[in-house]
Amino acid sequence: MVCLGQTKTMAEESIYRAFGRAVATRRRKLDLTQADLAARARMSRASVANIESGRQNVSLHHVYSLAEALEFAKVSDLLPASSKPPTQEEFDVILSDEHMTPRGKAQINDLIASALAQRGSKRAGA
């Protein structure tokens, strides 16, 4: 994928994929075809298909057109949630077993952080 002559970062790719999934999910909920949505948003069906698959960068005016065509009250309702990773404080757990080693506690915290990160990325796409 290319963004203004440069390769997209992984974060950019995930944002475009999440945005595309949101568009496709809402389009299906409204029982619209890609062609129907394209006509409403004044863009080509191929552009809608590429946006839904995360292959196409989305211009700001297209975000507004898509939000209106998909009957969102606010443009922000169409945008994916921020993928900011949780802070250590947000997922630290208090382990009550005094026999647990510091390494064991660190492994458990890493496991929880990984699970929360995966859960967050799935929510962003939902």
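Here are the numbers:
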quantity: Residue 83 being part of a loop (DSSP other than H, G, I, E, B), farther than 29 Å from residue 27 by Cα and either at pLDDT 90 or above or of a type in the set (Ser, Thr, Tyr) (or both); calculated: no
quantity: Selected residue (only one of 93, 63, 58, 23 is at pLDDT 75 or above, in a loop (DSSP other than H, G, I, E, B) and of a type in the set (Val, Ile, Thr)); calculated: 58
quantity: Verdict on residue 116 being modelled with pLDDT under 75 and part of a helix (DSSP H, G or I); calculated: yes
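The values are calculated or read from the model by the stated rules, or taken from the named source; none is laboratory data. Remember, it's a predicted structure, so these values are computed and weren't measured experimentally.
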